[in-house]
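Report on one structure; see the data block that follows.
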Number of protein chains: 2
Amino acid sequence: MSSGNKRNKDVGITVKKSEDISEWYSQVVLKSKLADYAPVKGCMILRPNGYFIWEKIQEYFNNVLEEKGVKNAYFPMFIPESFFLKEAKHAEGFNPEVAWIERKDENEMRLAIRPTSETIIYDAYSRWVRSWRDLPLRINQWCNIVRWETNAVKLLLRSREFLWHEGHCVYETEEECKKETLMFLDEYAKLCKDLLAIPVVKGEKTEKEKFAGAIKTYTIESLMPDGKAIQLGTTHYLGQNFAKAFDITFLGRDGKPYYAYQNSFGFSTRLIGATVLLHSDDKGLVLPPKVAPIQVRIVPIFREENKDKILSKVDEIKSMLEAKLRVDVDLSDNTPGWKFNESELLGIPIRIELGQKDLEKGVVTLVRRDTLTKETHAIDDSLVDKVLSLLEEIHNNLYNRAKEHIDKHTIKTANFVDAVEKINEGNWALVPLCDDVICEESLKERTDGITTRVIPFDQPKEKDFKCISCGKPAKHWVFISRAY
Amino acid sequence: MSSGNKRNKDVGITVKKSEDISEWYSQVVLKSKLADYAPVKGCMILRPNGYFIWEKIQEYFNNVLEEKGVKNAYFPMFIPESFFLKEAKHAEGFNPEVAWIERKDENEMRLAIRPTSETIIYDAYSRWVRSWRDLPLRINQWCNIVRWETNAVKLLLRSREFLWHEGHCVYETEEECKKETLMFLDEYAKLCKDLLAIPVVKGEKTEKEKFAGAIKTYTIESLMPDGKAIQLGTTHYLGQNFAKAFDITFLGRDGKPYYAYQNSFGFSTRLIGATVLLHSDDKGLVLPPKVAPIQVRIVPIFREENKDKILSKVDEIKSMLEAKLRVDVDLSDNTPGWKFNESELLGIPIRIELGQKDLEKGVVTLVRRDTLTKETHAIDDSLVDKVLSLLEEIHNNLYNRAKEHIDKHTIKTANFVDAVEKINEGNWALVPLCDDVICEESLKERTDGITTRVIPFDQPKEKDFKCISCGKPAKHWVFISRAY
């Protein structure tokens, strides 16, 4: 028992989420074996527990892509320097973060490792697109990306190499292109809600924060427990910017040549980090059931004299559940207390305990990871449905809890001092702003890092406010905050 | 009609496989839109048609991995130079092909882009493995790899960046490790046979050809139509070589520390190239049905006056098939002849033609891509099963055809001059060899590129032969040939 406690202290989370969220987060990620530090600073290892979540995200979104007519492909990681220079703003935006390789190509051209793939993909599109019959052309790739961050790196949230998906579509008309740019944003929001139980705000990025080379960037943003915002996915309406830079033209229905319209969109493994940060607690990881590698863990509680009976019943329960659920049994030689702690640390949504008393009554004890509440249920045909509905409840509870948190910490104010004060207290603020880049830069400087996150589609009715930064007439209400 | 012919000439394959296999292969890959050249020499684009095949390979093999207890993860692409130097032979083997990045890490350490991931993964394993209870540890990753080839590059067969999977397992005992190294090789051979209809020879690599750092390398090799061999997957028994270099030790059941035993294994997108090269013909791509993006294409043949009736019947047929098959309908305004050619170029396993006469008889015409033979079948409930069994026949025919080709072109000989002559005529030769690296190097030099491919597990009964290269007593029979 004392040795169990000692091990628990070593293995469990030793700081509270409310006291030091940064240290707490690192411990949760490392101790639940989601990810690990790599020997190269700013890189990370996605361990099987973390990669499983990524595979579930891929599975979900591959279905969406298929339904929307987007096909997967793979483009080279190396991009010639000349490609970057074709779209001036794009080059300017990404240049500081690019990693180049020592080897040059046959023309002594410098080669970048992709920080994003617009240029290399659009060079191919310029060869593939000939006629309006080739459009829409919708392609996606799942790949690794390198952006040499100088900002503080954080496991799963900000790293120099990360995994993502990037969709790149080409259209005949502006209207279709714009429509689908927003449609993919909707799908991102749905993914966050349905799979990861993360509520998001949908909207547009300001001029300053938009993607380098885009006409408009749309974003989904959420609020983390410490009051910092996080960008979880963006879709970009590129108009004809890249089509002109890369000569993507097509023969229209009238036989005349036109530049195509394009969009691009992406999300990354950062989704995993946000899921962890949002839902987990002082006991460790809390995972939405749909992405949990193990959804149900059965913990048998026995002594030598009743071991066989308990384990045979546990086998029976496992067989009942495993057709519809990812389930395992903890057969280690640890104490029950140790096993309970471990299942909580790992974020397993439901723990099923079976001891002598349960066995005698023909019941199991079900423990929910999100609330840590217990209930008993008969070991019969209804157990599978009970567990399934409990998992759904857990998902909904996680979402609602996060939604309440966001609502509670959303401050609408037209007063600069008030906004900054509230943000420093762990909120984000919805404030009126003009659309001036300089004004936004000044906001960031004067507040030591507060930036605009999203111009929500859902705008307050009030108009005629003044920009909280410069006092000129405001253009829209914008969420501002510190951010991951 | 003349315009159709002109387009056909432009779009179809313009050389025969038997006359110029290299040019034929490039045309098949490019014109069926499997892959495309990248602007950076030696890199390639996997287009949706090609990437689909890779996804099917991943799907198949992910099931195998799960069944064998191997979990997916992702390790960083950047490897510090110091890691390579820890295993001397590994460093020596890979150094010439490594691409380094210009940026250094915080310790001014040079960083490589992974040519393979043993070193970066085993550094993590040295931290993760503590006790025999942590073993076996079985992890796999799907990722991109860079090897700066100076040899001629070829779409899907040899490129500087490619996609692969690499499995890395750690065991308590030598016996278990060796057993699973061979088990994964068996799974590779099954994948080739069951999914890609490729017959392979299983065996061991010679001392000279084994993986840098391995004790033994096992391989599956096949023979391509031009008599060149191709390596399609390898598994490596690493013994304790890397465990000692990276300090992967565990506390054994007796409480004492031991070095672990390890294996690694991988195959790449080259599997797609071999599939194309082996099965395709002068009309274009031929694909094994299980990996074909479209398995059945329906081509309606109609005039304005019977258009509605034909198309409505086509819809009905499509609905019947699409629950169990990947099926589409060619509704383009091309001529039927053009449509037939295109479905053949793209390697669609079955074409269903429906014209006025078919409609009147209540039948469709089924055309097999592998044999180009036609048959009619009633449009009724039995059509789905007919198509399914035809697809199975196609798969088996492709496999058997390839197997016959290999058998016919396998020459067993103990005579050096005979072996070289037969290899130059498009065969591979099974010859007796000693196990001397120098002798193997001399073979390659004297013959302008003939190398050892595999020491087959299935050895001829004859012993007491002399090495065809040096005349000393031979150790085993070895397949030698030119290779991709």
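Remarks
- Rounded if a/c under 1.5, otherwise prolate or oblate - chain B, Cα gyration tensor axes: prolate
- 18 Å Cα-Cα threshold exceeded, pairs from B:LYS17/B:LYS154; B:LYS89/B:LYS205; A:LYS16/A:LYS444: A:LYS16/A:LYS444
- 27 Å Cα-Cα threshold exceeded, pairs from A:LYS208/A:LYS466; A:LYS290/A:LYS422; A:LYS56/B:LYS244; A:LYS68/B:LYS290: A:LYS290/A:LYS422; A:LYS56/B:LYS244
- Estimated FRET transfer efficiency when R0 is 51 angstrom, pair A:ARG127-B:LYS190 (beta carbons, to 0.05): 0.85
- Residue order, fewest to most beta carbons within 10 Å, for B:HIS165, A:HIS236: B:HIS165, A:HIS236
- The stretch A:397-432 and the stretch B:80-112: distance between their alpha carbon centers, rounded to Å: 48
- Here the stretch B:304-341 and the stretch B:203-271 have alpha carbon centers that stand 49 Å from each other.
- Rounded tilt (10° steps) of A:48-67 against the dominant C-alpha axis of chain A: 50
- Derived value for the protein assembly as shown: Kirkwood hydrodynamic radius 31.2 Å. Basis is the mean of 1/r over every pair of different alpha-carbon atoms.
- Distance between modelled label sites at B:VAL64 and A:SER312, nm, 7 Å Cα→Cβ extension: 4.0
- Assuming charge only on the beta carbon of Lys and Arg (+1) and of Asp and Glu (-1), the dipole of the stretch A:410-481 about its Cα centre is about 200 debye to the nearest 20.
- Toward the positive end of the charge dipole of the stretch A:17-279, with +1 on the Cβ of Lys and Arg and -1 on the Cβ of Asp and Glu, the farthest Cα among A:THR234, A:THR249, A:ILE121 is that of A:THR234.
- 0 to 90° range, to nearest 10: angle between helix A:118-128 axis and chain A longest Cα axis: 70
- Charges were assigned to the Cβ only: +1 to each Lys and Arg, -1 to each Asp and Glu. The resulting dipole of chain A about its Cα centre is roughly 280 debye.
- Sparse packing (at most 16 other Cβ atoms within 10 Å of the Cβ) combined with a DSSP loop state is found for none of the chymotrypsin sites (Phe, Trp or Tyr not before Pro) in the stretch A:379-447.
- Axis angle, to the nearest 10 degrees, between helix A:174-194 and the longest C-alpha principal axis of chain A: 20 degrees.
- Derived scalar couplings ³J(HN,Hα) [the stretch B:246-256; Karplus, 6.51 cos²θ - 1.76 cosθ + 1.60; whole Hz; x for Gly, Pro]: 10, 6, 8, 10, 9, 7, x, 4, 8, x, 9
- For A:GLU102, distant residues with modelled amide H under 5 Å away: B:TRP100, B:ILE101, B:GLU102
- In Hz, Karplus ³J(HN,Hα) per residue of the stretch B:456-462 (6.51, -1.76, 1.60; θ = phi - 60°; x = Gly, Pro): x, 4, 7, 8, x, 5, 4
- Which of A:ALA73, A:LEU311, A:GLN27, positive extreme of dipole for chain A (C-beta unit charges): A:GLN27
- Simple Cβ-charge dipole of the stretch B:380-449, Lys/Arg +1 and Asp/Glu -1, about Cα centre, in debye nearest 20: 200
- With label points defined 7 Å past Cα in the direction of Cβ, position B:LYS179 shows copy-to-copy spacings of 6.1 nm, given to one decimal and shortest first.
- Across the stretch A:301-308, rounded Karplus estimates of 3J(HN,Hα) from the backbone phi angles (6.51 cos²θ - 1.76 cosθ + 1.60, θ = phi - 60°) give 10, 8, 10, 4, 6, 10, 3, 4 Hz, Gly and Pro being marked x.
- Within the stretch A:425-443: backbone nitrogen closer than 19 Å to the A:ASP464 label point (7 Å, Cα to C-beta): A:432-434
- Structure note, pairs B:LYS202/B:LYS283; A:LYS313/A:LYS374; B:LYS228/B:LYS324: Cα-Cα distances above 30 angstrom occur for B:LYS202/B:LYS283; B:LYS228/B:LYS324.
- Farthest toward positive dipole pole in the protein assembly as shown [+1 Lys/Arg, -1 Asp/Glu at C-beta], among A:SER382, B:THR413, A:SER442: A:SER442
- With its label point defined 7 Å out from Cα along the Cα-to-Cβ axis, B:GLU462 lies at 9.6 nm from the matching points of the other copies, in increasing order.
- Distances between placed amide hydrogens fall under 5 Å for A:CYS434 paired with A:CYS467, A:ILE468, A:SER469, A:CYS470, A:LYS475, all partners being 5 or more residues away or on another chain.
- Estimated from the Cβ-Cβ distance and a Förster radius of 22 angstrom, the FRET efficiency linking B:ASP418 and B:GLU19 is about 0.25.
- Nonlocal amide H pairs with A:GLU204, under 5 Å, H built at 1.01 Å: A:THR219, A:ILE455, A:PHE457
- If a spin label sat at a point 7 angstrom from the Cα of B:MET109 along the line to its beta carbon, the backbone N atoms of the stretch B:55-98 nearer than 12 Å would be those of B:78-86.
Computed from the coordinates by the stated procedures, all read-outs in this text should not be read as laboratory data. What you are looking at is a predicted structure, and each value in this text was computed from that prediction instead of being measured. Reconstructed Cβ throughout: ideal geometry from the backbone, glycine too, with neighbour counts over all protein chains shown.
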